[in-house]
1. Return the percentage of antiparallel bridges among DSSP beta bridges fully within the protein assembly as shown, rounded to the nearest 5 %.
2. Suppose a student asked you for the relative contact order of segment A:24-119, using Cα pairs under 8 Å spaced at least 6 residues apart; what percent would you report?
3. Of A:LYS236/B:LYS2; B:LYS109/B:LYS293; A:LYS95/A:LYS288; A:LYS2/B:LYS236; B:LYS44/B:LYS159, which ones are farther than 31 Å apart at the Cα?
4. Just want to confirm a number: the relative contact order over chain A, from Cα pairs under 8 angstrom separated by 6+ residues, in percent.
5. Mind listing the label-point distances from A:GLY283 to the same position on all other copies, shortest first, one decimal in nm, points 7 Å along Cα→Cβ?
6. Scan around B:LYS109 for amide H atoms under 5 Å from its own, H built in the peptide plane at 1.01 Å from N, and keep only partners 5 or more places away or cross-chain.
7. From the label point of B:GLY69, set 7 Å along Cα to the beta carbon, how far off in nm is each other copy's matching point, shortest first?
8. For chain B, return all DSSP H helices satisfying: extent of Cα atoms along own axis at least 15 Å; mean Kyte-Doolittle hydropathy at least -0.5.
There are 2 protein chains.
Amino acid sequence: MKAVVFDGNLKLVNDYPLPQPASGEALIKVSLAGICNTDLEIIKGYASFTGVIGHEFVGTVEKVNGNAGNLKGKRVVGEINSGCGRCEYCRTGLKEHCENRKVLGIHGKDGAMAEYVTLPTDNLHVVPDAVADEDAVFTEPLAAAFEVLRQVHFRPSDKVLVMGDGKLGLLISFVLSSFPVDLTLVGKHERKLDRARARNVRALHLDQLISEKIYDVVIDATGSASGFESALEVIKPRGIIVLKSTVAKNSEMNLFPVVVNEITVMGSRCGPFVPVLRALNEGLIDAKPLLTKVFRVDDALEAFATSSGEDSLKILIDFR
Amino acid sequence: MKAVVFDGNLKLVNDYPLPQPASGEALIKVSLAGICNTDLEIIKGYASFTGVIGHEFVGTVEKVNGNAGNLKGKRVVGEINSGCGRCEYCRTGLKEHCENRKVLGIHGKDGAMAEYVTLPTDNLHVVPDAVADEDAVFTEPLAAAFEVLRQVHFRPSDKVLVMGDGKLGLLISFVLSSFPVDLTLVGKHERKLDRARARNVRALHLDQLISEKIYDVVIDATGSASGFESALEVIKPRGIIVLKSTVAKNSEMNLFPVVVNEITVMGSRCGPFVPVLRALNEGLIDAKPLLTKVFRVDDALEAFATSSGEDSLKILIDFR
C-alpha cells in the first residue's frame with residue numbers, strides 16, 4: 001500500500017506492507033489524513049519515531065479482529081493512544097496516560113498517513129452521516145482543544161487569552177468563541193489572525209499585547225518555550241495558565257511568580273472524541289476555515305513542504 | 001521601644017520609635033513573635049526589606065484608630081497583607097494579591113518583632129481564650145498550611161507526598177495527618193522527621209524515596225529550586241504539585257512532562273486565619289511539637305543564630 005514513512009528521511013513508499021489487525025483491532029481504509037505540527041516535529045527527530053507517520057484521520061472499517069463486528073463498513077475516527085489494558089490508568093479509562101501506551105504515528109505504532117491503518121476497536125468512534133470527511137478529520141485536534149474545556153471552568157466574567165495563531169491556537173479560539181467570555185487571541189501572523197477575526201474573535205498581533213496582569217485564563221499554544229514566560233506576564237494572581245506547548249528542551253525559568261501569585265499551571269494534551277463529534281454533528285463548531293489545501297497521496301512530500309510554510313494551516317492528504 | 005531591625009545588618013534596637021496607628025489601624029502590644037524562614041531569607045537580602053522584621057505574632061490591642069473600638073484589650077493575631085483597599089483584588093476579598101499591598105515585616109511595613117506593631121483592624125482576628133499564646137503564634141504559618149486545603153480537594157484514595165522537613169513541611173504533614181489520605185513526608189533531617197513520626201506520619205529520608213510516579217498530590221515545601229524537579233519524578237499523570245517554595249532565582253527546567261502527563265502545578269502562599277483559630281480552639285491541630293526554644297527579646301540575635309541551625313525548628317521571641 002502507499003504510505004508516508006519517516007525513517008530518518010520522509011518518503012512516500014508505494015509498497016509498504018498492509019498492516020494486520022491484532023486481536024481487538026480493526027483494519028481501516030483511510031480516506032483523509034491531516035498533517036499536525038507534531039508530524040513536522042517528528043520529521044525533525046522529535047520522539048525518535050520511525051515508521052508510517054500521521055495520527056489525524058477519517059476512514060472506513062474494512063475488517064474487525066474481535067467482537068466489534070458491528071463496526072464493519074462504518075466511517076470512523078480514532079483516538080491515538082492505545083494502552084496496555086492492564087495498568088491502573090487503563091482500568092480507570094485513562095489509557096492516554098498508560099506508561100506503556102503506543103501512540104498512533106508517534107510512538108510504537110504505525111500511523112494513519114497510509115492507505116490502511118489499524119487501531120483497537122475501543123479507540124474508534126463512528127462519524128455521524130451529516131459530518132463530512134473534511135470536518136471529521138479535525139476530530140483529533142478539536143479534541144485537544146476540548147481538553148481545555150474539560151480542565152478549566154470558564155466563567156462568563158473571565159478574561160481569556162489564547163497565545164499562538166497556529167492550528168491549535170486557532171481551534172481553541174474557535175471553540176471558545178461560542179463561550180460568553182472576554183476572549184482574545186494573540187499571534188504573530190496577520191493572515192492567520194484574520195481567520196480568527198472572520199469568526200469574530202478579537203485577534204491581536206503580539207506587539208499590541210499590553211503587558212498587564214489582567215487575564216484570568218491564559219492558554220499557551222505557541223509551541224515555544226518562551227510562551228510560558230509571556231503567559232506569566234499577563235496572568236492575574238490566582239489565574240490559570242494552560243500549557244499546550246510540548247517543548248522537549250530545558251530552558252531557564254523562574255517559578256517564583258507562580259508561587260507568590262498563586263498561579264495554577266495545567267498541562268493539557270489529548271482530549272475526548274465523543275463531544276467533538278456531537279458538536280460537529282450539531283454544527284456547533286466548524287474547523288474548515290483552517291483548511292489550507294488537500295493534496296493527493298502521491299504528492300505527500302509536497303504536502304509536507306507546504307505545511308511547513310509560514311502562512312500554512314491545515315494540510316490534508318487524500319487517499320480516497 | 002525594643003525592636004529587631006534589619007538595615008543590611010540584623011540588630012536589636014532599644015529606642016526604636018513607637019509606631020502610630022494610621023486611620024483604620026490598631027496599635028498592638030506584642031506578646032510573642034516567631035522566626036520564619038522568610039525572616040532568615042530577608043536577613044540575607046531577600047525582598048530588599050529594611051525595618052522591623054517579623055510577621056508571626058500574637059499580642060493585645062492597645063489602641064484603635066477607627067471604628068473597631070471593640071478590639072481594644074483583645075488578644076489578636078494578624079493577617080500580614082494589607083491592600084490598597086481600592087483595587088479589584090481588595091474589593092473582592094483578595095487583598096493578599098493587591099499589587100500595591102504592604103506585607104508586615106516583608107514589604108513596605110514595619111514588622112512584628114518589636115514591643116509594638118500596627119496593622120489594619122480588618123487584618124486582626126481575636127484569639128479564643130482557650131488558645132495559649134504559644135499556640136496562637138503559629139496561626140500565620142498554619143494558615144499557609146491550610147491554604148493547601150483550600151486549593152486541593154484531598155480524596156481518601158489519594159497518595160500524598162509532602163517534600164521538606166522544615167517548619168512548613170512539618171506543619172503541612174501535621175495538618176494532613178488528620179485526613180484519611182495515604183500520607184508520606186520526605187526530608188533530609190532525621191531529628192525533624194522524628195517529630196512527624198511522633199505524630200504517626202510516615203516519614204522517609206530522601207534516600208529512601210523511590211523514584212516512581214505514584215503520588216496523586218505532591219507538596220513541595222523544600223524551599224529549594226530542585227524541589228519541583230523531584231516532584232515531577234514522583235507525581236502521577238493528572239496529579240497535582242503544590243509549590244510552596246519561593247525561590248527567587250532562575251533555574252534550568254523542562255515543562256515537557258507537565259504537558260504530556262497533564263500535571264497541575266499550583267502556587268500556594270498565605271492562607272485563611274479563621275479556620276486555623278477554630279481548629280486550634282477545638283484542639284484539632286497542635287503545632288507545639290515544632291517549638292524549639294523561646295528567647296527573651298534581649299537575646300533576639302542569639303535567637304536568629306539558633307534559628308539558622310540545622311536541627312532548629314520554631315524559635316519564638318518573648319516580649320511579655
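1. Within the protein assembly as shown, antiparallel bridges account for around 55 percent of the total.
2. Reported relative contact order: 38 percent.
3. From A:LYS236/B:LYS2; B:LYS109/B:LYS293; A:LYS95/A:LYS288; A:LYS2/B:LYS236; B:LYS44/B:LYS159, over 31 Å: A:LYS236/B:LYS2; A:LYS2/B:LYS236; B:LYS44/B:LYS159.
4. 18
5. A:GLY283 label point versus its equivalents elsewhere: 6.9 nm.
6. B:VAL103
7. Label-point separations across copies, in nm and ascending: 9.0.
8. Qualifying helices: B:139-151.
The values are calculated or read from the model by the stated rules, or taken from the named source; none is laboratory data. Predicted model, so just to flag it, every value in this text is computed and none were measured. Because the Cβ atoms are built from the backbone with ideal geometry, glycine has one as well, and the counts that use them run over all protein chains shown. Surface areas here come from the heavy atoms of the whole protein model, side chains and all, with no ligands, DNA or RNA. Shrake-Rupley method; radii C 1.70, N 1.55, O 1.52, S 1.80 Å.
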